1. Find the residue count for segment 24-46, including only residues that are touching a residue at least 12 places away in the same chain (Cβ under 8 Å) and among the β-branched types (Val, Ile, Thr).
Amino acid sequence: MDADIWVFADDIWYASTASGGHVGSERIASDQEPVITTDFTALYDRVDKITFVSDAPQVLIDLRSSLKAFEAQATIMQSQTYYLDVTASVGNKGDGITLLADAMDTPLSATCAIGDQANDVPMFARAAVSIAMGQGPEEVRAKADHVTGGNDADGVAQAIAEIILKR
């Protein structure tokens, strides 16, 4: 397999390598160093997320295809062009926005979601207003109510000013 494997369990990041192309940004995002291992079996009962990492798009397409048999048991979606994430079936952003809205005693009819990747689509389906970032793939943009500018064009600020505040 031409992909690195990352497993997140017990708030710890386990990785198959410390030198992959996206390890540096994950170090910053997670504020930790990976625990390097090639055997993840001891983590099976505690896994929060498995991420396959590859800059070869076909590798992730093939991996996703090979995991189709598990779609009833897991959420399998790309969160970046180079990440394929596997989480519990209720571990998706749609369930996340619902839980957050409930915790804040806010109806989903008063929510807005902004995203740019396939893992944002379940959130789009639940929020009252969905906004796709301009740099997102066409199939993601097509699932949103609105499309804003890209990350490099202040798309979030544009969405707030031109869509959210005007509601």
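1. 4
Condition check ((1) open to solvent by 30 Å² or more (accessible area, probe 1.4 Å); (2) out of contact with any Ser or Thr (no Cβ under 7 Å at 6 or more places or on another chain)) across all residues:
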| position | (1), (2) |
| --- | --- |
| Ala118 | yes, yes |
| Ala128 | yes, no |
| Gly134 | no, no |
| Asp145 | yes, no |
| Gly149 | no, yes |
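The values are calculated or read from the model by the stated rules, or taken from the named source; none is laboratory data. Quick caveat, the model's predicted, so the values are computed rather than measured. With ideal geometry, Cβ positions are generated from the backbone for all residues, glycine too; neighbour counts draw on all protein chains shown. We work out accessible area using only protein heavy atoms, side chains counted, and drop any ligands, DNA or RNA first. Shrake-Rupley method; radii C 1.70, N 1.55, O 1.52, S 1.80 Å.
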